[in-house]
Amino acid sequence: MSDQTVERAADLLEQPPTLIPTAPARARLALVADALRLGRTRFGLAIVALLVLIALAGPLVAPHSPTEFVGIPNSKPSGDAIFGTDALGRDVLSRFLHGGRTVLWLSAAATLLGIVVGVVVGLIAAYSRNWLDDVLMRSNDVLLAFPQIIFVLLAVSAIGPKLWLIVLTVGLTHAPRVARVIRGAALEVVERDFVKSAEVVGEARWRIVFAEVLPNVTSPLLVEVGLRMTYSIGLVAGISFLGFGLQPPSADWGLMINENRLSITVQAWSVLLPVIAIGLLTVGTNLVTDGLSRALAGIDRQADS
Amino acid sequence: MTTRLVLRRLALALLTLWLVSLLVFAATLALPGDAAQAILGREATPDRLAALRDQLHLDEPVVTQYLKWLGGIVTGDLGNSAATQAPVGELLSDRVGNSLFLVLISAAVAVPLSIMVGVWTAMRRDRPVDHVVSTASLILASLPEFVIGIALILLFATQVFHAFPAVSLLGPGEKAWDDPKVVVLPAATLVLAVVPYISRIMRGSMVEVLESEYVTMATLKGLPRRTVIWRHAVPNAIVPAIQVTALQLAYLAGGVVVVEFVFSYPGIGAALVEAVGNRDMPVVQDVTMLAAGIYVGLNILADVATILVTPKLRTAGR
């Protein structure tokens with residue numbers, strides 16, 4: 001530690017300590033405000049809100065039980081079953097209304113896990129700048145060598161189609177990707193004066209990492225949350241579509257597509273409704289992500305000039 | 001210097017693959033209780049249990065089990081399927097060809113198409129067509145592959161047009177290239193999933209190059225627009241796109257799993273899904289190692305290509 005740094009740290013200590021972390025907090029709010037000014041962000045949020053509403057309130061308004069047989073298999077839309085029946089003769093609309101919850105909570109949980117692990121690993125790697133950084137980044141490379149879905153399938157074939165396992169493995173495959181982004185953003189932050197001054201006054205290392213560095217990478221982090229959520233939905237719904245998610249006779253959007261895809265020529269609604277819902281959901285989350293990253297690029301441009 | 005950089009990358013890739021193999025092997029250890037029993041289930045005959053125990057070397061120490069398993073993979077002895085007893089190599093050989101055909105066709109269409117879309121939109125920057133393409137890319141990039149695949153089935157195979165088969169049925173011993181119609185919709189799905197990513201990077205780097213001094217210079221020299229774009233701008237703009245292209249091609253190694261399942265296309269992806277359903281660990285492990293190998297290999301190729309075409313990196317070690 002050079003004398004100059006100590007001097008600068010002493011200068012900083014004269015100021016009220018709260019001044020140091022407030023700047024990033026403002027930038028974070030500015031990012032959200034800027035993003036919300038964009039039409040695409042609002043449109044994306046509206047789509048996501050609509051689908052969350054369908055998933056949460058759907059079971060309350062469904063006309064039938066999701067497992068009740070209401071007619072002959074694959075019958076066309078009628079008064080009793082507005083979107084017809086599925087390959088086993090159950091009401092398509094009711095199964096659709098019951099089938100959105102799992103994909104939502106599984107993807108949200110997997111995203112949360114991936115973000116938390118990724119942020120911790122990325123920040124520690126950026127802050128340590130020694131062998132630990134190398135070890136963490138090498139481990140990242142190992143996980144990155146698996147296409148995400150293949151890693152999940154490997155685990156499922158060893159342990160079985162369990163929902164917790166899907167959350168765990170989807171989250172784990174996100175983590176190295178998140179860690180890489182967060183490490184990249186944090187590398188520049190750990191060189192700044194307020195980190196140096198915190199080191200000088202002997203602040204605990206975990207406090208420096210999570211109270212000083214973390215608040216300064218929240219903008220790229222927000223974009224990453226949106227991106228990972230989009231991919232989580234695709235992965236979770238995809239695993240369920242392959243038949244390794246929620247098991248029959250449960251109602252689930254991915255599973256509905258799997259169960260009815262062979263009768264798509266006779267009764268397309270039982271495939272079409274969940275496909276549209278999953279497609280809209282991912283488009284919605286990605287529109288929000290795009291809005292956030294555009295706002296971030298705008299803020300960066302202002303900071304540069 | 002270039003050689004040293006390339007060798008370093010190669011050594012790192014081998015290390016990564018070795019660690020990957022540890023993880024893939026560990027999946028067998030995660031099986032509860034006796035691995036053979038866990039794979040074959042309760043109804044397994046003692047004969048088959050004994051055969052699988054022997055194949056997995058379960059009566060030997062874990063380290064020996066691992067070394068024998070890894071040795072088999074390296075020498076091309078992939079073991080036997082736990083479900084059918086047939087050698088995995090035999091089981092996969094036809095399917096590897098079909099998957100390779102699908103991926104190569106997709107790449108052969110997707111890469112030039114992405115470059116053209118990128119160049120074309122960069123030259124019409126901020127005009128309506130640029131915005132339309134960018135919105136369409138955003139939507140396509142959001143959609144999971146199976147959503148794109150099923151949309152294509154509804155459009156071109158069942159409800160609207162009846163141009164292509166919805167399922168890729170092939171007779172026994174028939175290869176995908178004997179009946180190229182079956183590959184059209186699966187390949188189109190992969191192309192639509194990949195093009196948004198590559199074209200976006202291509203557009204970005206092309207916009208940058210078009211603003212550079214040497215492009216202005218070439219234009220002022222009075223060269224025809226076509227020459228300026230394709231001889232001066234594009235070759236330079238392609239460099240940043242190499243990495244993304246490799247990443248997207250590597251992504252195809254995972255993308256084929258869902259797409260092959262959607263179209264019942266007889267490739268290794270569909271084989272993997274079937275094997276996971278049967279808990280056929282030897283097949284799952286071999287396909288996983290293959291996918292990881294392709295992924296790591298493509299990444300090296302991209303790094304080497306980038307090193308070779310970037311003068312700054314070529315001389316970085318000096």
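Note on A:267-275: average number of Cβ atoms from other chains within 10 Å of each residue's Cβ is 3. Look at the stretch B:144-156: the mean tally of other chain Cβ atoms within 10 Å of its residues' Cβ atoms is 6. Considering helices alone, the calculated mean residue ellipticity of chain B at 222 nm is -24000 deg cm²/dmol, with DSSP H runs of length four and up weighted by -39500 (n - 2.57) and normalised per residue. Shielding by partners for peptide A:80-87, expressed as the average number of C-beta atoms from other protein chains within 10 Å of each residue's C-beta, is 0. Take the protein assembly as shown, compute every pairwise Cα distance, and split them into 20 Å bins from 0; I just need the percent in each bin. With 20 Å bins starting at 0, P(r) equals 17, 49, 30, 5, 0. Residue by residue, the range B:114-128 carries 3J(HN,Hα) couplings of 4, 4, 5, 4, x, 5, 4, 6, 5, 6, 10, 3, 6, 8, x Hz when phi is fed to the Karplus relation 6.51 cos²θ - 1.76 cosθ + 1.60 (θ = phi - 60°); x denotes Gly or Pro.
About the centre of its Cα atoms, the range B:89-314 shows a dipole size close to 1080 debye [charges on the beta carbon of Lys, Arg (+1) and Asp, Glu (-1) only; nearest 20 debye].
Backbone geometry of the range B:180-194 corresponds, through the Karplus equation with coefficients 6.51, -1.76 and 1.60 at θ = phi - 60°, to 3J(HN,Hα) couplings of x, 4, 5, 8, 4, 5, x, 5, 4, 4, 5, 4, 5, 6, 9 Hz, x marking Gly and Pro. Here the range B:1-82 is treated as a sphere whose radius is the Kirkwood value from Cα pairs; by Stokes-Einstein at 25 °C and 0.890 mPa s it diffuses with a coefficient of 168 µm²/s. Cα extents for the range B:89-314 along the principal axes, largest to smallest and rounded to whole angstrom: 64, 46, 30. Highest mobility in the GNM of chain A, judged by mean-square fluctuation with C-alpha springs under 10 Å and restricted to A:Leu235, A:Leu88, A:Leu31, is found for A:Leu88.
Each of A:Leu255, A:Leu296, A:Leu246 was scored by other Cβ atoms within 10 Å of its Cβ. Listed from fewest to most, they are A:Leu296, A:Leu246, A:Leu255. Using modelled amide H (1.01 Å from N, peptide plane; none on Pro or chain starts), what sits under 5 Å from the amide H of B:Ser81, excluding residues fewer than 5 places away? Placed amide hydrogens put B:Ala86, B:Val88 under 5 Å from B:Ser81. In this calculation the C-beta distance from A:Ser128 to B:Val96 is compared with R0 = 41 Å, giving a FRET efficiency of 0.45.
Of B:Thr306, B:Ala187, B:Val276, whose Cα points farthest to the positive end of the dipole of the range B:183-307 (charges on the beta-carbon: +1 Lys, Arg; -1 Asp, Glu; origin at the Cα centre)? Farthest towards the positive end: B:Thr306. Using the beta-carbon distance between B:Ala86 and B:Leu220 and R0 = 60 Å, what value does 1/(1 + (r/R0)^6) give for FRET efficiency, to the nearest 0.05? Efficiency for this residue pair is about 0.35. Once the Cβ-Cβ distance of A:Ala49 and B:Leu155 is raised to the sixth power relative to R0 = 25 Å, the FRET efficiency obtained is 0.30. In this simple spin-label model, placing a label point 7 Å from the Cα along the Cα-to-Cβ direction at both B:Leu29 and B:Gln243 gives a separation of 3.4 nm. Comparing B:Asp179, B:Asp303, B:Asp47 in a Gaussian network model of chain B where C-alpha atoms under 10 Å apart are linked, the largest mean-square fluctuation is found at B:Asp47. Label-to-label distance for B:Val309 and A:Arg37 is 3.8 nm, based on points extended 7 Å past Cα in the beta-carbon direction. With Cα atoms defining each centre, the range B:231-283 and the range A:95-121 are spaced 24 Å apart in the structure. Rounded to the nearest 20 debye, the dipole size of the protein assembly as shown about its Cα centre is 1560 debye, using +1 on the Cβ of Lys and Arg and -1 on the Cβ of Asp and Glu.
With one equal scatterer per alpha carbon and no solvent term, the Debye-computed log10 I(q)/I(0) for the range A:60-208 at 0.12, 0.13, 0.14, 0.22 1/Å reads -0.69, -0.74, -0.80, -1.19. Annotation: for a label point projected 7 angstrom from Cα along Cα→Cβ of B:Val129, residues of the range B:177-216 with backbone N closer than 16 Å are B:203, B:207.
Using all pairs of distinct alpha-carbon atoms, the Kirkwood hydrodynamic radius of chain A works out to 21.7 angstrom. From most to least packed by mean Cβ count within 10 Å, the peptides A:145-152, A:205-212 give A:145-152, A:205-212. Sequentially through the range B:93-108, phi angles give Karplus couplings (6.51, -1.76, 1.60; θ = phi - 60°) of 4, 4, 6, 4, x, 4, 5, 4, 4, 4, 5, 5, 4, 4, 5, 5 Hz, Gly and Pro residues having no value and appearing as x.
Read the figures in this text as sums done on the coordinates, not as results from a lab. The model shown is predicted, which means the values in this text are computed figures rather than measured ones. Positions of Cβ are generated from backbone atoms using ideal geometry, with glycine treated the same way; all protein chains shown enter the neighbour counts.
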